[in-house]
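A short worksheet on the structure shown next.
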Amino acid sequence: MTDIQAIVETLPAHIVYAADNYKDIQINKAVAGDLMSDILVSVSSGYLLVTSLATEQAVRTADIACAVAVLLVNDKLPTAGMKTLAEESGITLLATPLPMYEACVALNKLGI
């Protein structure tokens, strides 16, 4: 299991929005993809969603599928609506300049 701070330091990434409990979040699995319909049928709870989809749909999917955080890749910046929805849903929102493949490799090195 890995915490959010380890992900931020290793990738590198930055926190766009931190849920109140983000320091306590432990992540042991990541799911990467841009087709949210595939994400909905392929995961269990407590995971990190890695995507380049910088829209509210990614946060809605994370909320429905019980993800604890969303990592935006490819230097994508979230929209204002995405940040607002992350706050309302209590989902930590991260961003990295890394492409999806490199972000996943870095996460794998962390044991995710």
*Expressed as a whole percent, how much of the Cα-Cα distance distribution for the chain exceeds 22 Å?*
18 percent
*What residues of the stretch 8-41 lie in the reach of a label at N108, counting those whose backbone N is under 20 Å from a point 7 Å from the Cα along Cα→Cβ?*
8-13, 27-35, 39
_With a 1.4 Å probe and all protein chains left in place, how much accessible area per residue does the chain have, in Å²?_
49 Å²
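Output the peptides 27-34, 48-55 sorted from most to least packed, where packing is the average of other Cβ atoms within 10 Å over each peptide's residues. Walk me through the intermediate numbers first.
Values: 27-34: 17.1, 48-55: 21.2.
Result, highest mean Cβ count within 10 Å first: 48-55, 27-34.
For the stretch 1-64, which semi-axes, largest first and in whole Å, follow from the square roots of 5 times the eigenvalues of its Cα gyration tensor? Write down the numbers at each step before the final one.
Details: eigenvalues 78, 35, 27 Å².
Listed largest to smallest, the semi-axes of the stretch 1-64 are 20, 13, 12 Å.
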*Go through P99, T61, A19 and say which Cα lies farthest out towards the positive end of the charge dipole of the chain; charges sit on Cβ, +1 for Lys and Arg, -1 for Asp and Glu.*
P99
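The values are calculated or read from the model by the stated rules, or taken from the named source; none is laboratory data. These numbers come from a predicted model, not from an experiment. Virtual Cβ from ideal backbone geometry, glycine too; neighbours counted across all protein chains shown. Heads up: the accessible areas ignore ligands, DNA and RNA and are worked out on the full protein's heavy atoms, side chains in. Shrake-Rupley method; radii C 1.70, N 1.55, O 1.52, S 1.80 Å.
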